[in-house]
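Just below is one structure, and these are the notes that go with it.
The values are calculated or read from the model by the stated rules, or taken from the named source; none is laboratory data. The model shown is predicted, which means the values in this text are computed figures rather than measured ones. Here Cβ is always computed from backbone atoms with ideal geometry, including for glycine, and neighbour counts include all displayed protein chains.
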Amino acid sequence: MLDLDVFRQLAEELIPFNKWIGVKVDHLARGHVTLSIPWRDELIGDPVRQAIHGGVISMLADTAGGLCVWTAIENPALGRVSTVDLRVDYLRPGRRETLVGDATTVRVGAKLGWADIRLYHPSDASELVATARGVYALKNPKQPRDA
């Protein structure tokens with residue numbers, strides 16, 4: 001059974017870095033996750049343009065993608081997900097406002113899961129800040145290591 005409240009708590013409270021950054025779960029369903037990070041000055045990566053740091057953008061993409069894939073596996077309570085590969089295409093600078101990461105599971109196999117992620121500001125979801133594709137290793141403690 002998929003307990004979405006556990007995933008919400010994991011994303012917002014139990015991972016110290018997410019909590020410090022301020023990750024919020026806006027939408028959570030099997031195979032689809034929308035997370036956001038409210039604006040604060042500590043997120044600036046370019047002081048001249050006042051743009052969000054690229055690492056914050058990639059962190060939100062990775063977190064949304066991994067959580068999205070985790071919700072899509074057969075028995076998420078027993079599984080673990082870890083990043084194998086993350087490709088981020090930065091399309092425009094992130095502005096001084098909330099950043100949203102919307103992730104959709106593309107496929108879940110026996111050992112890997114794939115997610116597509118779109119990052120944008122809520123004021124204009126059609127104006128993408130970045131897109132990403134994440135690949136995640138799936139580990140289930142009940143399965144043999146090479147299964």
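Every residue in the range 20-54 that is in a helix (DSSP H, G or I), over 19 Å from residue 122 (Cβ atoms) and in contact with a strand residue (DSSP E or B) (Cβ under 7 Å, 6 or more places away or on another chain), please. Within the range 20-54, 54 is the sole residue that qualifies.
Within the range 89-117, the set of residues being of a type outside the set (Asp, Glu), within 20 Å of residue 22 (Cβ to Cβ) and surrounded by fewer than 19 Cβ atoms within 10 Å (Cβ to Cβ) comprises 93, 95, 96, 98. For residue 104, the criteria (1) out of contact with any Asp or Glu (no Cβ under 6 Å at 6 or more places or on another chain); (2) closer than 18 Å to residue 120 by Cα hold in every case but one, which is (1).
When you check residue 78 against the structure, is it at pLDDT below 95 and either outside any helix (DSSP H, G or I) or under 22 Å from residue 133 (Cα atoms) (or both), yes or no? If you could, list the steps in order and put the result at the bottom.
Working: at pLDDT below 95: yes; either outside any helix (DSSP H, G or I) or under 22 Å from residue 133 (Cα atoms) (or both): yes.
Taking the combined requirement at face value, the residue satisfies it.
Of the residues making up the range 48-69, those that are surrounded by fewer than 23 Cβ atoms within 10 Å (Cβ to Cβ) and of a type in the set (A, V, I, L, M, F, W, C) are 48, 51, 56, 59.
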